[in-house]
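Trainee: Here it is, the structure, as structure tokens.
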Amino acid sequence: MKTRELTCIGCPLGCSLRVMITDNEISVTGNSCRRGEEYAKKEVTSPTRVVTSTIEVSGGTLRRVSVKTESDIPKDKIFDCMKEIHQTKVQAPVSIGDILIRDCAGTGVPVIATKNIGVCNEGD
């Protein structure tokens, strides 16, 4: 049997979880709600994360736009995702929710803008 200690991020309570893993079963204790159990089981079997970063913008009122993956990606794809994000450049204007990368690092998950960036007018 293998045991892992986790802090739940499923809600603001931050419960201390104990996950016991045997050959054919995963049991969770310490959770105050169902989300804790779901989080713990997912974390020990196939951990995922939302990635946040910035992408370079040409011709915009700001040089970079904040972005995030639209949903979780496998944790082992984070560095590949960040590499693709850092190689990407977009042209202004950019609107919140715009898809800037359709399939980041082969995950099937798009990267979207989380800020509006207007076009820079000459002389501004």
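The values are calculated or read from the model by the stated rules, or taken from the named source; none is laboratory data. What you see is a predicted model; the values in this text were computed from it and never measured. In this analysis, Cβ positions are derived from the backbone assuming ideal geometry, glycine residues included, and neighbour counts consider all displayed protein chains. For accessibility, only protein heavy atoms count, side chains too; no ligands or nucleic acids. Shrake-Rupley method; radii C 1.70, N 1.55, O 1.52, S 1.80 Å.
Trainee: With every protein chain left in place, what is the accessible area per residue of segment 67-124 in square angstrom, probe 1.4 Å?
Mentor: Here the residues of segment 67-124 average 62 Å² of exposed surface.
Trainee: Can I ask one more? Give, as a single signed number, the net charge of other residues whose beta carbon lies under 10 Å from the beta carbon of R4, with Lys and Arg counted +1 and Asp and Glu -1.
Mentor: Combined, the nearby Lys, Arg, Asp and Glu give 0.
Trainee: What are the ³J(HN,Hα) couplings of segment 2-16, residue after residue, when phi is run through the Karplus curve with 6.51, -1.76, 1.60 and θ = phi - 60°? Round to Hz, x for glycine and proline.
Mentor: Going residue by residue, I get 10, 10, 10, 9, 9, 10, 5, 10, x, 7, x, 5, x, 4, 7 Hz, with x marking Gly and Pro.
Trainee: Moving on. What angle, in degrees between 0 and 90 and rounded to the nearest 10, separates the Cα long axis of helix 78-87 from the longest principal axis of the Cα atoms of the chain?
Mentor: Helix 78-87 sits at roughly 0 degrees to that axis.
Trainee: How far is helix 34-45 tilted, in degrees, relative to the longest principal axis of the Cα atoms in the chain, given as a value from 0 to 90 rounded to the nearest 10?
Mentor: Once rounded, one gets 80 degrees.
Trainee: Right, something else. Can you send over the carbon and sulfur percentage of the accessible area for segment 21-77, probe radius 1.4 Å, protein chains only?
Mentor: Roughly 45 percent, rounded to a whole number.
Trainee: Taking H placed 1.01 Å from N in the peptide plane, check which residues at least 5 places from L62 or on another chain put their amide H under 5 Å from its amide H.
Mentor: G118
Trainee: Now a separate question. Under a cut-off of 21 Å between alpha-carbon atoms, report the lysines in cross-link reach of K41, not counting same-chain residues fewer than 8 places apart.
Mentor: Result set, ordered by chain and number: K2, K75, K77.
Trainee: Output needed for the chain: three equivalent-ellipsoid semi-axes, defined as square roots of 5 times the C-alpha gyration tensor eigenvalues, in descending order, whole Å.
Mentor: 39, 15, 10
Trainee: I've got another one for you. Hey, quick one: spin label on K89, modelled 7 Å out along Cα-Cβ, who in segment 39-57 has an amide N within reach, i.e. under 16 Å?
Mentor: Only 55-57 fall inside the zone, counting backbone N under 16 Å.
Trainee: Taking amide H positions as placed in the peptide plane 1.01 Å from N, state which residues far from T48 in sequence (5 or more) or on other chains have amide H under 5 Å from it.
Mentor: K75
Trainee: So for each of 50-56, 2-8 I average, over its residues, the number of other beta carbons within 10 Å; can you give me the resulting order with the highest mean first?
Mentor: My ranking of the peptides, most packed first, is 50-56, 2-8.
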